[in-house]
Amino acid sequence: MKRGDELAEVRDWVRAARRLVVFTGAGVSAESGIPTFRDALTGLWARFDPERLASEAGFRADPALVWRWYAERRAAIGQAQPNAAHRAIAELEARGAHVAVVTQNVDNLHRRAGSREVLELHGNILRARCLEGCGDPDRFAPGSDWRADPREPPPCPRCGAPLRPDVVWVGELLPQAVFARAEHEALGCDLMLVVGTSALVYPAADLPALARDAGARVVVVNPEETPLDARAARVLRGKAATILPRLLDELPERTGGA
Ligand code: OAD
């Protein structure tokens, strides 16, 4: 099938879908200037050691180093803007379909683009929480003053232990309630768009198979091959910020009906 035909076909699926899941990874933010994890030249882990910078043991060994690294990433993410892919995904929701964005990204760009239903499987770099998990239910929201000093982690206001970034580190469980909601959405959707993920990190990478086995169409959007391609209903080879807006072309307006 020609590329234009494939796009048109997926566009029809998007238009017809009643429940959509958009499952995203670092690639959706690549065109916002945020490096992916596995890109050999610019990927984050090509330049940094995950055991040192993204594990609890690494944090305990040198909290100030890890805190500074996250402060720098937060600053870079703060400078970045949502791109056309994030905006197109938010626009899907604005047009009336039920859309759940399930993301492995911690950069908050889906929310900034306007998506409301965002399930963050790996946390959010703009939040912090107590290293000892002393029970603060609300975490430390963006805007509170825990970010004032980028040089070292401030103490938890409740128990005095250091705060840590509210992201999932190597060897840690995903936030279980969030993952359960993501599974629920995957099981109930009729279309899942898998955008910009290498689909190598489990359990997140199980979600497309869950959706497919429950009867949904799974469409991969990625400039490179992924392990999901062989069993996807369609693979749209290209960059997220190019492809996603084209999936919206000619969609009926919210008020116009289908
Ligand atoms: P990866 O860095 O593993 O993969 C990025 C994917 O994006 C690759 O498949 C690229 O081909 C693709 N890509 C690159 N540029 C793109 C573009 N412009 N448009 C669309 N796709 C593009 O990132 P993730 O799959 O998100 O976990 O990695 C999953 C998890 O592994 C991360 O969340 C992180 C890491 O360990 C934690 O931090 C817990």
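Computed from the coordinates by the stated procedures, all read-outs in this text should not be read as laboratory data. Keep in mind that what you see is a predicted model, and the values were worked out from it rather than measured. Positions of Cβ are backbone-derived with ideal geometry, glycine not excepted, and every protein chain shown enters the neighbour counts.
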Note on the chain: contact order normalised by length, alpha-carbon pairs under 8 Å, 6 or more apart, percent, works out to 25 percent
Under unit Cβ charges (Lys, Arg +1; Asp, Glu -1), what dipole magnitude, rounded to 20 debye, does the chain have relative to its Cα centre?
380 debye
When E120, E225, E183 are arranged by how many other beta-carbons sit within 10 Å of their Cβ, fewest first, they go E225, E183, E120
With a cut-off of 8 Å between alpha carbons and a minimum separation of six or more residues, what is the relative contact order of segment 152-258 in percent?
18 percent
